[in-house]
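To keep things clear, I will list the structure first and then write my remarks on it.
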Amino acid sequence: MNSMFFIIRKQLKNIIRGLAYKPLALIGYIIIGMMLACFIVIALIMPSGTVRNINGDLFRAAVTGFNLMALYTGLRRGIEKGSTYFRFADVNMVFTAPLKPSHVLLYGFIKRMGTSLLVVLIAFFQIPNIKNNFILAKNGVVAFLIAVLFYSVSSPVLGMVVYSFASKSGERRILVKRILDISAVLFILGFVLTLAEKRSLGDALIAYLNSVVFSYIPVSGQISAIASAAVYGIDLNFFVNIFVLVVIIGFCMAAMSGMNLDFYEDVLNATEEFESRIRAKREGRDASLETKKIRRVKGGFSSCGAKTIFEKHMLEYRKISYFLFFDKSTLIVILGGIGSKFIMPEEASSVFITLFFSAYMLFFLVVQGKWPMELGKHYIFLIPESNVKKLFYATLMENIKNLLDGAILFTIACFMFDAGIPVILLCIVSYTLYGAVYIYVDIVCRRLFGKTHSKAMLIFVKLFVSFFVVLPGIIFLMLIYHSAGNEFYALLSVTAWNLFVVVCLFFASVGIFKDIQAI
């Protein structure tokens with residue numbers, strides 16, 4: 001154990017020393033931490049049920065359904081890849097250290113705790129949405145965050161326990177898979193019987209997921225009960241479930257410590273796959289690592305210089321798209337934007353909500369686009385063109401794709417909200433500009449912070465910077481709309497602001513090609 005804690009201490013010291021050599025990054029993290037603290041205070045003091053008051057049974061059903069689905073997928077993944085919490089750096093350092101296999105698993109669990117805290121921070125961003133739709137009890141936010149923390153902590157533990165048991169032999173793996181599959185079949189059968197009784201899909205789903213039988217499922221039942229205290233109130237049952245969860249996690253850790261594990265070969269395979277997924281995501285490629293059919297397209301490079309980057313991106317999109325440049329991300333944006341109309345109450349539903357909801361989803365799609373691949377290929381620094389041209393053509397295809405996606409989404413929204421053509425055109429332009437803001441914010445953050453020790457923290461930085469640069473435009477839109485009641489001029493204000501921000505960020509991003517070490 002002393003060897004393991006020595007390694008952990010050294011890693012923490014290296015992280016702190018790395019920040020000391022990057023004062024600008026340290027200042028940025030401090031600012032982000034202060035803004036996050038302000039957001040937490042606002043989320044805690046804001047009133048509940050400001051938009052609508054939904055029955056607490058729906059909240060409990062949603063939590064139970066999520067837990068059951070996460071439990072099933074987590075255990076299935078844990079059968080084969082229970083040790084995917086490691087990176088190649090861990091393989092090179094920890095696996096060669098004088099540690100027992102059980103301590104190596106414990107090391108992975110401790111590293112996972114940092115991710116667990118990050119999940120809790122992400123959950124804070126959902127508290128305003130929950131408070132807008134549900135009446136939370138006293139200390140309901142605390143109960144919800146405790147449930148999220150226990151879910152994030154218990155999920156890797158269960159995966160490691162299942163892997164530790166199933167990795168002994170192929171028969172054990174098959175047995176665990178059969179048990180999970182039979183449980184899934186029984187779950188579906190029970191829902192079908194409830195649906196036949198209720199004759200309503202929504203009522204059957206809520207009644208079935210609120211069944212008392214699910215509260216007896218280990219871990220999932222306890223987490224659902226803890227989360228439900230957010231709307232029903234904290235009572236003795238809340239603390240009993242916390243105690244039971246702590247006992248289960250402690251028992252699992254003790255059981256793993258006593259096992260004679262020999263799993264290094266499987267760990268290497270799983271770690272290699274995990275690293276490949278991370279590398280693919282950073283380069284804007286498909287992170288699923290599945291072999292897919294691509295379309296054979298006709299085309300070539302008729303341009304020279306920086307324009308060839310644009311033509312290359314265009315051909316790549318055509319190969320993997322369903323039609324022209326419409327791929328999986330297009331479907332996600334369209335379904336999410338249309339779905340926002342049905343999620344929000346009738347009186348709150350508008351073309352503005354569709355615009356902002358789809359722009360929010362676009363942030364997570366943009367950071368995985370094609371242009372980051374070019375920054376990792378150093379030939380772009382050698383192209384004899386100006387930095388402005390190289391940046392323009394490296395991001396042009398992403399902007400065109402966002403324009404086409406926005407055109408499809410808001411053409412559908414035109415019929416859904418009976419909006420005028422000028423309003424829809426401004427929505428399309430504004431949506432495209434939101435995508436451009438995210439792209440150039442990403443580049444500016446790369447210039448300022450360089451290679452950070454935490455990609456998750458860098459995403460937080462990008463998210464906060466993007467939020468604060470687009471916030472004035474949203475404020476202008478709300479002020480003009482509530483004072484004049486005109487959708488066109490309200491959208492014109494946010495579009496003009498986004499255009500101004502894009503121009504400023506574009507010229508601030510040009511310097512990315514002046515320092516190859518910042519990539």
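The values are calculated or read from the model by the stated rules, or taken from the named source; none is laboratory data. Here the structure is a predicted model, which means the values were calculated and not measured. We place every Cβ from the backbone using ideal geometry, glycine too, and count neighbours over all the protein chains shown.
Conditions tested, residue by residue: (1) at pLDDT below 60; (2) β-branched (Val, Ile, Thr); (3) buried (at least 16 other Cβ atoms within 10 Å of the Cβ).
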| site | (1), (2), (3) |
| --- | --- |
| 293 | yes, no, no |
| 297 | yes, yes, no |
| 302 | no, no, no |
| 305 | no, no, no |
| 330 | no, yes, yes |
| 333 | no, yes, yes |
| 336 | no, no, yes |
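Of 99, 106, 121, which residue is at pLDDT below 80, assigned to a loop (DSSP other than H, G, I, E, B) and surrounded by fewer than 21 Cβ atoms within 10 Å (Cβ to Cβ)?
Numbers: 106 fails: assigned to a loop (DSSP other than H, G, I, E, B); 121 fails: assigned to a loop (DSSP other than H, G, I, E, B).
The match here is 99.
In region 477-517, what count of residues is obtained for those that are within 23 Å of residue 435 (Cβ to Cβ) and of a type in the set (S, T, N, Q)?
The total comes to 4.
Can residue 61 be described as assigned to a loop (DSSP other than H, G, I, E, B) and either at pLDDT 75 or above or farther than 30 Å from residue 181 by Cβ (or both)? Walk me through how you get there before you give the answer.
Values: assigned to a loop (DSSP other than H, G, I, E, B): no; either at pLDDT 75 or above or farther than 30 Å from residue 181 by Cβ (or both): yes.
So residue 61 fails the test.
Filter region 462-519 for residues that are of a type in the set (Val, Ile, Thr) and under 28 Å from residue 390 (Cβ atoms) and give the result. Spell out how you get there, then give the answer.
The first filter runs over region 462-519 and keeps only residues of a type in the set (Val, Ile, Thr), leaving 465, 469-470, 474-475, 480, 494-495, 501-503, 510, 512, 516, 519.
465, 469, 470, 495, 501, 502, 503, 510, 512, 516, 519, listed by residue number.
For residue 225, state whether it is at pLDDT below 90, in a helix (DSSP H, G or I) and either in contact with a helix residue (DSSP H, G or I) (Cβ under 9 Å, 6 or more places away or on another chain) or surrounded by fewer than 18 Cβ atoms within 10 Å (Cβ to Cβ) (or both).
Values: at pLDDT below 90: no; in a helix (DSSP H, G or I): yes; either in contact with a helix residue (DSSP H, G or I) (Cβ under 9 Å, 6 or more places away or on another chain) or surrounded by fewer than 18 Cβ atoms within 10 Å (Cβ to Cβ) (or both): yes.
No; evaluated as a whole, the condition is false for this residue.
Is it the case that region 239-250 has a residue that's buried (at least 20 other Cβ atoms within 10 Å of the Cβ) and modelled with pLDDT of 70 or more?
Our first condition is that a residue be buried (at least 20 other Cβ atoms within 10 Å of the Cβ); within region 239-250, this holds for 241, 245.
Still in the list and also modelled with pLDDT of 70 or more: 241, 245.
Yes, region 239-250 contains a residue that is buried (at least 20 other Cβ atoms within 10 Å of the Cβ) and modelled with pLDDT of 70 or more.
For region 135-182, how many residues are more than 29 Å from the chain's Cα centre (by Cα), surrounded by 19 or more Cβ atoms within 10 Å (Cβ to Cβ) and outside any helix (DSSP H, G or I)?
Number satisfying all stated conditions: 1.
Are there any pairs with C-beta distances below 7 angstrom linking a residue in region 216-228 that is within 25 Å of residue 54 (Cβ to Cβ) to a residue that is β-branched (Val, Ile, Thr) and in a helix (DSSP H, G or I), with the two at least 6 apart or on different chains, and if so which?
222/244; 224/63; 224/64; 226/146; 226/242; 227/63; 228/63
Would you mind finding the one in 192, 185, 212, 219 that is crowded, with 17+ Cβ neighbours inside 10 Å, assigned by TED's automatic domain parsing to the domain that holds residue 58 and among the aliphatic types (A, V, I, L, M)? First the steps, then the outcome.
Values: 192 fails: crowded, with 17+ Cβ neighbours inside 10 Å; 185 fails: crowded, with 17+ Cβ neighbours inside 10 Å; 212 fails: crowded, with 17+ Cβ neighbours inside 10 Å.
Residue meeting the stated conditions: 219.
Can you confirm whether residue 449 is at pLDDT below 80 and buried (at least 17 other Cβ atoms within 10 Å of the Cβ)?
Working: at pLDDT below 80: yes; buried (at least 17 other Cβ atoms within 10 Å of the Cβ): yes.
When the stated conditions are applied, residue 449 passes them.
When the residues of region 195-206 are filtered to those that are free of Cβ contacts under 8 Å to residues at least 40 places away in the same chain and either touching a Phe, Trp or Tyr at 6+ places or on another chain (Cβ under 7 Å) or surrounded by 16 or more Cβ atoms within 10 Å (Cβ to Cβ) (or both), which remaining residue is farthest from residue 65 (Cα to Cα)? First the steps, then the outcome.
Within region 195-206, the first condition is being free of Cβ contacts under 8 Å to residues at least 40 places away in the same chain, and the residues that meet it are 195-204.
Cutting the leftovers down to either touching a Phe, Trp or Tyr at 6+ places or on another chain (Cβ under 7 Å) or surrounded by 16 or more Cβ atoms within 10 Å (Cβ to Cβ) (or both) gives us 195, 204.
Details: 195: 16, 204: 13 Å.
Only one residue tops the list, namely 195.
Quick check on my filter: what residues within region 490-519 are touching a Phe, Trp or Tyr at 6+ places or on another chain (Cβ under 8 Å), of a type in the set (Ser, Thr, Tyr) and either farther than 14 Å from residue 431 by Cα or in contact (Cβ under 8 Å) with a residue 24 or more places away in the chain (or both)?
509
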